[in-house]
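Only one structure is covered here, and it is reproduced in the block below.
The values are calculated or read from the model by the stated rules, or taken from the named source; none is laboratory data. Fair warning: this is a prediction, and the values are worked out from it, not measured in the lab. Please note: Cβ atoms are built from the backbone with ideal geometry, for glycine as well, and neighbour counts cover all protein chains shown.
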Protein chains: 4
Amino acid sequence: MPHKGTTVVDAFVDTASEAQSCQLICVQSIQHCLQMGGAHVEPSHMQLMQDCAEICETAATFLLRGSPHHNQVTAACASVCELCAESCDRFKGDAQMKACAEECRRCAAACQHVAQMRPGGAAVAGLGGVR
Amino acid sequence: MPHKGTTVVDAFVDTASEAQSCQLICVQSIQHCLQMGGAHVEPSHMQLMQDCAEICETAATFLLRGSPHHNQVTAACASVCELCAESCDRFKGDAQMKACAEECRRCAAACQHVAQMRPGGAAVAGLGGVR
Amino acid sequence: MPHKGTTVVDAFVDTASEAQSCQLICVQSIQHCLQMGGAHVEPSHMQLMQDCAEICETAATFLLRGSPHHNQVTAACASVCELCAESCDRFKGDAQMKACAEECRRCAAACQHVAQMRPGGAAVAGLGGVR
Amino acid sequence: MPHKGTTVVDAFVDTASEAQSCQLICVQSIQHCLQMGGAHVEPSHMQLMQDCAEICETAATFLLRGSPHHNQVTAACASVCELCAESCDRFKGDAQMKACAEECRRCAAACQHVAQMRPGGAAVAGLGGVR
């Protein structure tokens, strides 16, 4: 996702979109790993993809609500996404794991960025409007 | 749903994407309605947008998992989306409500379509792969 | 859970509680199966526990909101819970799978019951109050 | 949290149960506030109850999975619960808001406690078993 938005509202909506994409690929990756079996279903790896899908979903809705209390949630999301990417990195030559790692890193970067922002009043109001 | 796929896998992924978009706009619309107040925060209307956001999220993940048991869930999602669209229709001249109704109807149509499908073995396997 | 409630509100809240318990045990059972490996991580079994955890969560919140549109959702929940119970039944002698199957059947029964109800005005109003 | 466990596993499961209770009362409180109208549907108050319900749900499942990466999530949950309690405190004489504030504070305390823990190997294994 190109981070082309220049306002806080744009950053929130762009990051929410990235988080939804990351949730999506993690849900698919869990099924991929179940079909692969072996090292792919190691508990710590599977757990990270579950953790990642879930915190991404939560971060996305905090941002879509324009919540002023998103900071710890988006920071947590960035951390879990980075750990999930590292776990996926271990499966060399697996295209699904490679795509998952890449999406996790994009989401981590976007979340890290917004985790340091607070929406102002206008920004929050803007989130409720059609863009 | 910009590109209509021709396989079961495409239909599942396209519908999941539609459901994520519908969840997104419902979450934003709830905040919009809270900011508008008045008839916009009537309990039955607010409840429908909450119901819609939630069943869309669930339908999306059932489809992303390629679940053979998605049929009642996607059928329920289609029904709730249609009711939510009708509730949004009542706010003439409100661009957010108009956009929400339109997305709800797109999601209802996509869900109605997949609610009658069952993924075959190949389709399910395909859902775990990078596309 | 004893279904001791005699009103529609009681039935909704009791069933929501059952659905939360069922979500809880399914989330734990997924981790148990990952630790067991082998037949426990067969994709169709793992997928059912994921499906079950998610539709239970959704059914619970529809009921807690007193949604008049819960019927297809609770019916879908009953179906998925029954399928999940059958999948868990196959693991003879596994206490976690036995407990999961039992909870899934309790939740299926409770959901089947409320799936045929519609909350009246008083019932819905009652759901918003402290009990 | 009726019985305080003495092990890490007990603390995780007890806190997950508290978080599910907090999610439950927040979902009900949102409906209560919609029925009350007026100051009860002020956007910042409604948003906090939505934020609280959602982060509680996420914290609960991280804990039920025995996730070693729960710390930032449970810390975020504690913060949001405390803010939600403060927002509910403003409605003097409203029994639902009082009950919601009390549950939010119980959940905040439990989350604060586990946010400083890391599960050991035995603890994680234990979470997958029937208790």
Among the residues of region B:23-45, which ones are closer than 12 Å to D:PRO43 by Cβ and either of a type in the set (Val, Ile, Thr) or part of a helix (DSSP H, G or I) (or both)? B:ILE30, B:GLN31, B:HIS32, B:CYS33, B:LEU34, B:GLN35, B:MET36, B:HIS40, B:VAL41
Please go through region A:71-80 and give me each residue that is more than 8 Å from chain D (Cβ to nearest Cβ) and either among the small types (Gly, Ala, Ser) or closer than 11 Å to A:THR15 by Cβ (or both), ordered by number. A:THR74, A:CYS77, A:ALA78
Within the bounds of region A:93-107, is there any residue that is in a loop (DSSP other than H, G, I, E, B) and free of Cβ contacts under 8 Å to residues at least 24 places away in the same chain? yes
Only one residue in D:CYS104, D:CYS84 is within 19 Å of A:THR61 (Cα to Cα) and within 14 Å of chain A (Cβ to nearest Cβ). Which one? D:CYS84
For region B:14-39, give me each residue that is in contact (Cβ under 8 Å) with a residue 40 or more places away in the chain, of a type outside the set (S, T, N, Q) and surrounded by fewer than 21 Cβ atoms within 10 Å (Cβ to Cβ). B:ASP14, B:MET36, B:ALA39
Looking at B:ALA85, is it modelled with pLDDT of 95 or more, within 23 Å of C:VAL80 (Cβ to Cβ) and among the small types (Gly, Ala, Ser)? no
Looking at region D:20-70, which of its residues are β-branched (Val, Ile, Thr) and within 11 Å of chain A (Cβ to nearest Cβ)? D:ILE55, D:THR58, D:THR61
Can you tell me which condition C:HIS69 does not meet? The list is (1) in a loop (DSSP other than H, G, I, E, B); (2) in contact with a Lys or Arg (Cβ under 8 Å, 6 or more places away or on another chain), and all the others hold. (2)
Can you tell me how many residues in region D:87-97 are within 14 Å of chain C (Cβ to nearest Cβ) and closer than 18 Å to D:LEU24 by Cα? 5
